[in-house]
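The structure appears right after this line, and notes come after that.
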Amino acid sequence: MSDTSFTGRLRSFADSDLFYSFRRSKTTVIASIALALLVFLAVFAPVISPHNPFDIAGLNLLDSELPPSWQEGGNPAYLLGTDTQARDVLSSLLYGLRISLLVGFASVILAAVLGVFLGLVGGFVGGIADAIIMRIADVLLSFPAILVALLINGVMRGILPANQQDSAAIVVLVLSIGLTNWVQYARTVRGSTLVERQREYVQAARTIGVGPLRIMLTHIMPNVLGPVLVLATINLGMAVLTEATLSFLGVGMPATQPSLGTLIRVGNEYLFSGIWWVVIFPSATLAVLVLAVNLIGDWLRDALNPKLR
Amino acid sequence: MALLEVENLKVEFPTRKGVLTAVDSVSFSVEQGEILGVVGESGAGKSMTGAAVIGLLEPPGRIGGGQIRLDGKRIDNLPPSEMRKVRGRHIGAIFQDPLTSLNPLFTVGEQLVETIRTHLPMSAADARKRAIEWLAEVGIPAPDKRFDQYPHQFSGGMRQRVVIALALCAEPRLIIADEPTTALDVSVQAQIIALLKRVCRERNAAVILVTHDMGVIAETADRVAVMYAGRLAEIGPVAQVLQKPSHPYTAGLMGSIPRIGPRPDRLIQIEGSMPRLTDIPKGCAFNPRCPKVFANCHHNPARTAADRRWCGRLSALRRGDAMNAMPTSLKTADNRTLLSVKGLKKHFAMTKPFLNRLIEKEEPQSVKAVDGLDLDIPRGQTLSLVGESGCGKSTVARLIMGLSTPSGGNITFDGIDISRAPAGSPAAVRQRMQMIFQDPYASLNPRWRVRDIIAEPLRTYGLSGSREEERREVDRLLEFVGLNAKDGDKFPHEFSGGQRQRISIARAISTKPEFLVCDEPTSALDVSVQAQILNLMREMQRELGLTYLFISHDLAVVNFMSDWIGVMYLGRLVEVAPAAELFNNPQHPYTRLLLDTIPDLGMSKRDRTPAAGEVPNPISPPPGCHFNPRCPLANDRCRSEAPVLRAYANGGRVSCHAAEEGRGPAIVPAGMEHSTQTAP
Amino acid sequence: MFVFLVRRLFQAVMVMLAVAFIAFLMFRYLGDPVNNIVSQDATQEQREEVRQRLHLDDPMIMQYGRFVANAAQGDFGMSYRNSRPVSALLAERLPATAELVLVAALLSLVLGIPLGIYTALKPRGILSQGLQILSLIGISLPTFVTGILLILIFSVWLGWLPSFGRGEVIDIGWWSTGFLTLSGIKALILPSFMLCLFQLTLIMRLVRAEMMEVLRADYIKFAKARGLRNKTIHFRHALKNTLIPVVTIFGLQLGGLIAFAIITETVFQWPGMGALFIQAVNFTDVPVMAAYLVMVSLIFVIINTSVDLLYNVIDPRLRADPTRASGRGA
C-alpha cells in the first residue's frame, strides 16, 4: 500500500474500494464510456465533422431540410439530415457539443476555484470576512440558480455594447453560470474547514507554532477537497443544463455560434413544419450528456459517503 | 430450562473480499433473573452477539449458523413479523447513546404509551397511567408533568432513565443492554447501573450486559463471558473469571487495567492488538499475542488453558537499546517547579445577538470554564487533573499550550512568563513543551505520511538538519516508541489506534521536550492497548526525566500515572494532593464522590451509594460553592460563600468549608435524586 | 419566539432593501435612462429637462430612497419597450403565472412525496429501481426538451392538446382565470406537467434520501427493539421526521417553480410574467427587469420567512430554542 512509485499507486488504486465499486456499478461504467466518447467528439469536432456548418459558401440551399439519411428522401452525405439553411445537422451538433462542454467545464472551474477560496477564507479567518461572504451566499441561495444566472446575464449584456454581445457570449455565459454556482462550494468548504480547524491534528500543528497560512494550505486544504470533487461532478451537469437553458431562451450563444441549446431553440421554431430531426438530435445529445454526468456524480457521491455504504 | 440458550452462534458479513465471520461458535445460556456480563475490547463481537439475539443485525450482517432459543423455542429463524412481537414484549434492548435513542419529535409519554399498547391489551387511559408509573419507577421527578415533555427537555442521565422505562414497560423477561452507560459521565453511570440492576431484580428480568468496562461487570453481573475476535474466550461466575482467570487473554486483560491502591511500576501488558476480521489467525485467535502459546494453539481453538501459572514473559521489555540513544541530561528529577500557574482564568462570553439583548434585556452571560486556578508542577513529576466533562481540565491544557489566551492569571514555564504568548512562540520555550492529544484518529493529518508528521515539529523549529539526518532521527523516534523505521512511509489510516498514539508520542518528543501535556491520551483506546501506552509513558518519564501534566477522567489511570492529583469541578480546583493521600484520605466531598464511582474490581460487593444529581449547566453554576446542591455536607455558608484553597494536613490543599470547619463526612442519603436538568 | 419573529422579519426587510438596491443600480446605470425616454433627435435642452424631471442629479441616496418609496407603492415607471406602466404589465401577467405554478406545485407534491416514501421503504424493489432511473432521467432532461417532446407528441402528432396560449379565460375582477373553461384547462395540462416534472423528480429524490437517512437513525433502531409495528415505525416515526425538512424543500421548490416558469412560458408562449421578463432581458428593458426582480424577490422572501416560522411551529426542539433555526434542514 505504501509503495510511492507511480505503478505502485496505480496498483493500489486498482485495488481500492472506490475502483471496486466503480467496476461493480454497470450504469456508471456505461455512463463514463458515453461521457468519454462525447468529450472526444467535442474535442476533435473540427476533424471529425463531415461538413463545416459555418462555411456559408459551402452550403447548397437545394440540400436544405433533408431528413436523416435512413429516411425516405435522405442523403447519405448528411447522416442526420440538414436544417432549413442546408447546414449538416451532425456537424452543427458536434460543434454545438464542443461549445456546451467548453462553457460547462469553464464555469465549473470558475465556480469551484472561487468557492473553495471564499470558503477557506470564511471558515479559517472568520469574523467580518466570513459574515459578508456567508450573507451574500445566503441571499444568492434563496433564489433559484437559473434566475440568478439570467440576471447576471442580463446585467452584463446591458453593460456590453450591442455589437460586442455575440463575440463575448461565451465569456458572459461562463461568468453568469460560474458566479451563480460558487455558493455551494463555498458553503461546503467552509463547513468542512470549520470542522477540520478544530481537529486535533491542526491543534498539534498550532502547538508547534506552524503559521496560519501554512496550516490552511498544507493541513486543511488537502482535507476539504474531497467533497469538492463530488460537487464539481454533479455541478457539471447543472452547468451544461443552465447553459442550454439560457441559450434556449435566446440570451446565451448566438445562432452564428450555436451551442446545443441554441440549436434546439432554432429548431423549435420549425417544429410544426415536421422537421423534427433538427430538434431531436441535439436534444438527445444534450440529454445523454447530462444523464451521463449525473450518473457519475451520483455514484461518486454514494461511493465517497461512508454513511451510505 | 434456561431462559435463553445460544448455541454455536455464527454471524457473517458478506464483503467483496469474501464472507467475514464476526461471531463464531458462541454458546451460552442466561437463566431467569440472571445478569450475564459480556465483555471484550472493541471489535470483539460482543454488540453483534446482542444484536443477533434480538434480531436486529445491521444488514448485510446475518446469522450464519447456530440456534438461539427463548424458553426452548427457536427465535433465530422466526419470520420478521413474529420476531417483531418478541422484541419489546419478551426481549427488550437499551442502546449506548440516550441522546439519539429517543425520537425527538414525540413526547416521552407518547413513546411510552405506544410501546405499552403495542404489546399489552390496554386502554389509552390505562396505558397513560402505566407510563407515568414507569417514569416514577425509573426516578423521573414530577412524572405526570414530564410525561408531556420532549426528549430534548431531559438531561443525558434522565434520558437514559426514560430509555430504560421504554425497554421495560412491556415487561420483557430479558433485557439486552449494549454499553448503556458509556456515553454518560462517571457519576451518572453509577446511578444508571444501580437503577437497571434494581428494576430488573424486582421483576426477575434477566439482563445481558454488553460492555467494555470490567468494573461495571464486577459490580453488576452474576456471570461473565469474555469475548475475543468474535469468539468466546471464557465464561463463568464473575468472581472466578475476574480473580482466577483461566484464559491467558482474560488474565492479561485483568492485569492491564490500572487499579486503585499501591502504584506499580508497570502494568501487565499484552503485546499487539486485536486482529481485524479479515485476518483472524487460525486455531486460537489469541495465539499471536499469547505469552503461553504452544504448537497446539495454532490448530485447535482451545477451550480453556489447563496451565494457570502466571507468565513472566508478559512484561518483558524489548526497547532497551533505543532508549539509551535518547538524550539523558534531564534524567535526575529535582523538586524545583517547572510549570507554575497562578490565578488562571478563562471566561467564554456567550453574547446573544443584538436583537435578543435589546428585546429580552438580558445581561451578557459567560461560561467560566477556568475560574482562578493555582498549580505548581515540580520537575520530573506528574500532576494529573481529574473531573467530569465540562470541569475545565482540557481548557487548562489549551491555555498552557497557548492554543487559547487566558482571560486572567499567569503561566510561567521555568521562570519565563508565557501567559499571553501564542502557540509555538517563543520558539525557545515552546519547543521544550509539547502535547499529546486524545483522539488518535483525529490528531494525525490523514493526508500526510507518518515520516512528515513526526518531522513537522523539527522542521518548524529548524532542528531537522539535512534530509539524511532528519530521516535517521525519525527512524530512531519510531523505534523508540515501539514501531518500525519502515512505518514512516505509511499513512496514518494503516495503523491501529494504539499505534497511532505511539506516532503521536513520537511527534511530541521529537524536539526533546522537558514537559508534556497529555490530554486524555488513552481514553479512546482499549484497555490492553491503554496499558501499553501508559507503560511507554512511564518509561519515557524515567528515561528522559519528563514532566507531565496528565488530564483524565479515569481515576485508576490517574493513580497509575501521578505524583500529584488535582480535582476540578466547574472550573475550580477543589482539591490537590499527593496521589496516595488523595486516594487514602480524600478531603473534599466531591473527591469522595468521584472515588466512590470507581467500580470495584476486588469483588467486595460493597454497597456503593450512587452519587446524586448531575453536573449543573456551567452557564449558571450554583452560587457559593459550586458543588453545594450535590453535597451532603452543604449548609447556608456553602450556599452563599465560595470557599478558597487552604493547605491541609495531608500535604495537599482543599477548598471546602466543611473540611475547614471539621464537619465530618456523612453518608449521602439514599434515593437523593436531584432533577438537575440541562437548560433547554 | 417573539424575538425570533422580529429577527426573521428584520432579515426579510434587509434582503428586500438589498434587492431593491440592485434593482435601483440596474435602473440607474444600465444604459442611460434619458436616452430611453426622449427621441433620438432630442435637443440638449430637452434631455436636460428630462434629467431634471427624473431627479437624476440628486445625491444617490436620495434617488435610492425615492426608488424604494415608489416601488413600495408599486410604481416602477414606464416600460422602455411598450411605453406602458410596468406595474400594469405585471398585474395583467400575474394570474397566468400564478395558476400555472399553483397547479404544478400541487402535482409535484401530491406525486413526489408518496413516490419518495415508496422508493425509500422498498429500495431494492423493481418498481423503486425503475423510478430511481426515471427520476435521474427526469433531472437530466432539460425542461425545455421535455416541453418540446410533449408538444411534438400531443400537439403535432396526436393533435389532442393545444401547444400555446392559455385558451379561453374568464375575468373575475382584475384576475383572469383559465380554470373555468374547458379550453383553459386543456391548455394548462401540458405546461403544468412540463413545469412539475423536474420538481417532482427533485422532491421524490429528496424525500427518498431524507427518509433513508432517518431510517438509519438510532431512534428507529430503538423503536424496532421496542417491537413496534413496521407501519408505526415507518408512517408515524420516520415520516414525521422526514417531512420536517421537506417543508423547507417545498419552500425552495416554490421559488424554483416561479423561476422555471420562465422556460415553460417561453416554450408554450404562455402569457405570464416569465415570458415578459425574458423579453425584457432580450431588449434590456430595465424597468421591467427591475420590477420583476423586486416582485419575485418579494414572493421568495415571503415564502422563505413563512417556511422558517412554520418550521418553528412543527419542530418541538426549535419551539424551545428558535435560535437553532439557522441549522434548518440539517
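The values are calculated or read from the model by the stated rules, or taken from the named source; none is laboratory data. Every value quoted in this text rests on a predicted model; they were computed, and no experiment measured them. In this analysis, Cβ positions are derived from the backbone assuming ideal geometry, glycine residues included, and neighbour counts consider all displayed protein chains.
Scan segment C:167-187 and report the pairs whose first residue is polar (S, T, N, Q) and whose second residue is exposed (fewer than 11 other Cβ atoms within 10 Å of the Cβ), with Cβ atoms within less than 9 Å and a gap of 6+ or a chain change.
That search, which allows pairs on different chains as well, returns C:Thr177/C:Asp171.
Could you say which residue among C:Val307, C:Val267, C:Val301 is surrounded by 24 or more Cβ atoms within 10 Å (Cβ to Cβ) and either within 19 Å of C:Leu106 (Cβ to Cβ) or facing chain A (nearest Cβ under 10 Å) (or both)? Outline the logic, then answer.
Values: C:Val307 fails: surrounded by 24 or more Cβ atoms within 10 Å (Cβ to Cβ); C:Val301 fails: surrounded by 24 or more Cβ atoms within 10 Å (Cβ to Cβ).
When all the criteria are applied, what remains is C:Val267.
Does segment B:112-121 contain any residue that is facing chain C (nearest Cβ under 8 Å) and at pLDDT below 90?
No: segment B:112-121 contains no residue that is facing chain C (nearest Cβ under 8 Å) and at pLDDT below 90.
More than 13 Å from B:Leu209 (Cα to Cα), within 14 Å of chain A (Cβ to nearest Cβ), at pLDDT below 90 and out of contact with any Lys or Arg (no Cβ under 8 Å at 6 or more places or on another chain), is that true of B:Glu41?
On the way: more than 13 Å from B:Leu209 (Cα to Cα): yes; within 14 Å of chain A (Cβ to nearest Cβ): no; at pLDDT below 90: yes; out of contact with any Lys or Arg (no Cβ under 8 Å at 6 or more places or on another chain): yes.
No.
Yes or no: segment B:189-212 includes at least one residue that is within 14 Å of chain C (Cβ to nearest Cβ) and buried (at least 24 other Cβ atoms within 10 Å of the Cβ). Let's see the steps before the verdict.
To start, the set of residues in segment B:189-212 that are within 14 Å of chain C (Cβ to nearest Cβ) comprises B:208, B:210.
Then drop every residue that is not buried (at least 24 other Cβ atoms within 10 Å of the Cβ), which leaves B:208, B:210.
For segment B:189-212, residues within 14 Å of chain C (Cβ to nearest Cβ) and buried (at least 24 other Cβ atoms within 10 Å of the Cβ): present.
Filter segment A:74-103 for residues that are in contact with a strand residue (DSSP E or B) (Cβ under 9 Å, 6 or more places away or on another chain), part of a loop (DSSP other than H, G, I, E, B) and not aliphatic (A, V, I, L, M) and give the result.
Answer for segment A:74-103, where residues must be in contact with a strand residue (DSSP E or B) (Cβ under 9 Å, 6 or more places away or on another chain), part of a loop (DSSP other than H, G, I, E, B) and not aliphatic (A, V, I, L, M): A:Asn75, A:Tyr78, A:Gly81.
I want to confirm something. Restricting to segment B:478-508 and keeping residues that are modelled with pLDDT of 90 or more and hydrophobic (A, V, I, L, M, F, W, C), which single residue is farthest from the chain's Cα centre (by Cα)?
The qualifying residue farthest from the chain's Cα centre (by Cα) is B:Leu478.
Can you name every residue in segment C:282-298 that is under 26 Å from C:Leu197 (Cα atoms) and within 11 Å of another protein chain (Cβ to nearest Cβ)? Can you show your working first?
Within segment C:282-298, the subset under 26 Å from C:Leu197 (Cα atoms) is C:292-293, C:295-298.
C:Tyr292, C:Leu293, C:Val296, C:Ser297 - these are the residues of segment C:282-298 that are under 26 Å from C:Leu197 (Cα atoms) and within 11 Å of another protein chain (Cβ to nearest Cβ).
Read through the list (1) outside any loop (DSSP other than H, G, I, E, B); (2) over 22 Å from B:Ala183 (Cα atoms); (3) within 11 Å of chain C (Cβ to nearest Cβ), then give the number of the only condition that B:Gly92 fails.
In the conditions (1) outside any loop (DSSP other than H, G, I, E, B); (2) over 22 Å from B:Ala183 (Cα atoms); (3) within 11 Å of chain C (Cβ to nearest Cβ), B:Gly92 misses (2) alone.
For the condition modelled with pLDDT of 85 or more, within 13 Å of chain B (Cβ to nearest Cβ) and surrounded by fewer than 17 Cβ atoms within 10 Å (Cβ to Cβ), what is the one hit in C:Arg319, C:Arg226, C:Arg216? If you could, list the steps in order and put the result at the bottom.
Details: C:Arg319 fails: modelled with pLDDT of 85 or more; C:Arg226 fails: surrounded by fewer than 17 Cβ atoms within 10 Å (Cβ to Cβ).
Selected residue: C:Arg216, the only one of C:Arg319, C:Arg226, C:Arg216 that is modelled with pLDDT of 85 or more, within 13 Å of chain B (Cβ to nearest Cβ) and surrounded by fewer than 17 Cβ atoms within 10 Å (Cβ to Cβ).
If the requirement is being within 22 Å of A:Ile30 (Cβ to Cβ), among the basic types (Lys, Arg), surrounded by fewer than 23 Cβ atoms within 10 Å (Cβ to Cβ) and out of contact with any Gly (no Cβ under 8 Å at 6 or more places or on another chain), which of these qualifies: C:Arg84, C:Arg124? Steps first, answer last, please.
Values: C:Arg84 fails: within 22 Å of A:Ile30 (Cβ to Cβ).
The conditions single out C:Arg124.
Scan segment A:180-196 and give yes if some residue there is without any contact (Cβ under 8 Å) to a residue 40 or more places away in the chain, away from every other protein chain (no Cβ under 12 Å) and out of contact with any helix residue (DSSP H, G or I) (no Cβ under 7 Å at 6 or more places or on another chain), otherwise no. Reasoning before the result, please.
Residues of segment A:180-196 without any contact (Cβ under 8 Å) to a residue 40 or more places away in the chain: A:195-196.
Filter once more, so that each one left must be away from every other protein chain (no Cβ under 12 Å): none.
No.
Just need a number here: residues in segment B:456-485 that are within 14 Å of chain A (Cβ to nearest Cβ) and β-branched (Val, Ile, Thr).
As a first pass, look at segment B:456-485 and keep what is within 14 Å of chain A (Cβ to nearest Cβ): B:456-464, B:478, B:483-485.
With β-branched (Val, Ile, Thr) added as a condition, the list becomes B:460.
So the answer is 1.
Just name the residue that is nearest to the chain's Cα centre (by Cα) out of those in segment B:26-85 that are part of a helix (DSSP H, G or I) and among the β-branched types (Val, Ile, Thr).
From segment B:26-85, those part of a helix (DSSP H, G or I) are B:46-54, B:80-85; that's our starting set.
Subset that is among the β-branched types (Val, Ile, Thr): B:49, B:53-54.
Working: B:Thr49: 22, B:Val53: 26, B:Ile54: 26 Å.
If we take residues in segment B:26-85 being part of a helix (DSSP H, G or I) and among the β-branched types (Val, Ile, Thr), then B:Thr49 is nearest to the chain's Cα centre (by Cα).
Please verify whether A:Ile275 is closer than 29 Å to A:Leu286 by Cβ and either in contact (Cβ under 8 Å) with a residue 24 or more places away in the chain or charged (D, E, K, R) (or both), treating the condition exactly as stated. It would help to see each step written out before you state the result.
Values: closer than 29 Å to A:Leu286 by Cβ: yes; either in contact (Cβ under 8 Å) with a residue 24 or more places away in the chain or charged (D, E, K, R) (or both): yes.
Against the criterion (closer than 29 Å to A:Leu286 by Cβ and either in contact (Cβ under 8 Å) with a residue 24 or more places away in the chain or charged (D, E, K, R) (or both)), A:Ile275 qualifies.
Go through segment B:95-126 and give me each residue that's farther than 29 Å from B:Ala2 by Cβ, part of a helix (DSSP H, G or I) and of a type in the set (Val, Ile, Thr).
B:Thr100, B:Val108, B:Val113
Quick check on my filter: what residues within segment B:134-177 are over 18 Å from B:Ile116 (Cβ atoms) and within 26 Å of the chain's Cα centre (by Cα)?
Scanning segment B:134-177 gives B:Gly139, B:His152, B:Gln153, B:Phe154, B:Ser155, B:Gly156, B:Gly157, B:Met158, B:Arg159, B:Gln160, B:Ile176, B:Ala177.
Name the single residue, out of those in segment A:266-288 being within 21 Å of A:Gly250 (Cβ to Cβ) and under 15 Å from the mean Cα position of the chain (by Cα), that is surrounded by the most Cβ atoms within 10 Å (Cβ to Cβ).
The qualifying residue surrounded by the most Cβ atoms within 10 Å (Cβ to Cβ) is A:Leu286.
I'd like to check something: does segment C:257-264 contain any residue that is of a type outside the set (Val, Ile, Thr), assigned by TED's automatic domain parsing to the domain that holds C:Ile303, in contact with a Leu (Cβ under 8 Å, 6 or more places away or on another chain) and farther than 15 Å from C:Ala105 by Cα?
As a first pass, look at segment C:257-264 and keep what is of a type outside the set (Val, Ile, Thr): C:257, C:259-261.
Applying the additional criterion that residues be assigned by TED's automatic domain parsing to the domain that holds C:Ile303 yields C:257, C:259-261.
Next, from what is left, pick out any that are in contact with a Leu (Cβ under 8 Å, 6 or more places away or on another chain): C:257, C:259-261.
Right, trim to farther than 15 Å from C:Ala105 by Cα and you get none.
No, that holds for no residue.
Within segment B:538-576, how many residues turn out to be in a strand (DSSP E or B), among the β-branched types (Val, Ile, Thr) and under 28 Å from B:Pro621 (Cβ atoms)? Before you say what the answer is, go through the steps one by one.
At the first step, the residues of segment B:538-576 found to be in a strand (DSSP E or B) are B:547-551, B:564-569, B:572-576.
Keeping just the survivors that are among the β-branched types (Val, Ile, Thr) gives B:547, B:551, B:565, B:567, B:574, B:576.
Cutting the leftovers down to under 28 Å from B:Pro621 (Cβ atoms) gives us B:551, B:565, B:567, B:574, B:576.
Of the residues in segment B:538-576, 5 are in a strand (DSSP E or B), among the β-branched types (Val, Ile, Thr) and under 28 Å from B:Pro621 (Cβ atoms).
Restricting to segment B:274-295, name every residue that is surrounded by fewer than 20 Cβ atoms within 10 Å (Cβ to Cβ) and part of a loop (DSSP other than H, G, I, E, B).
Within segment B:274-295, B:Pro275, B:Arg276, B:Ile280, B:Pro281, B:Lys282, B:Gly283, B:Pro291, B:Lys292, B:Val293, B:Phe294 meet the criteria.
Is it fair to say B:Leu544 is over 17 Å from B:Leu385 (Cβ atoms) and crowded, with 20+ Cβ neighbours inside 10 Å? Even if it seems obvious, please write down each step before you answer.
On the way: over 17 Å from B:Leu385 (Cβ atoms): yes; crowded, with 20+ Cβ neighbours inside 10 Å: yes.
Spelling it out, B:Leu544 is indeed over 17 Å from B:Leu385 (Cβ atoms) and crowded, with 20+ Cβ neighbours inside 10 Å.
Would you pick out the residues in segment B:370-384 that are over 17 Å from B:Asp417 (Cα atoms) and aliphatic (A, V, I, L, M)?
Passing the criteria: B:Val370, B:Leu383.
Which residues, counting only those in segment C:214-228, are assigned to a helix (DSSP H, G or I) and either over 16 Å from C:Ile244 (Cβ atoms) or hydrophobic (A, V, I, L, M, F, W, C) (or both)?
Quick first cut of segment C:214-228, residues assigned to a helix (DSSP H, G or I) only: C:214-215, C:218-225.
Selection gives C:Val214, C:Leu215, C:Asp218, C:Ile220, C:Lys221, C:Phe222, C:Ala223, C:Lys224, C:Ala225.
Condition first: of a type in the set (Val, Ile, Thr) and modelled with pLDDT of 80 or more. Now tell me which residues in segment A:249-277 satisfy that.
A:Val251, A:Thr256, A:Thr262, A:Ile264, A:Val266 - these are the residues of segment A:249-277 that are of a type in the set (Val, Ile, Thr) and modelled with pLDDT of 80 or more.
What tally of residues in segment C:115-133 results from selecting those that are over 24 Å from the mean Cα position of the chain (by Cα) and not in a loop (DSSP other than H, G, I, E, B)?
Residues of segment C:115-133 that are over 24 Å from the mean Cα position of the chain (by Cα), as a first pass: C:117-133.
This time we only want the ones that are not in a loop (DSSP other than H, G, I, E, B), so: C:117-121, C:126-133.
Of the residues in that region, 13 qualify.
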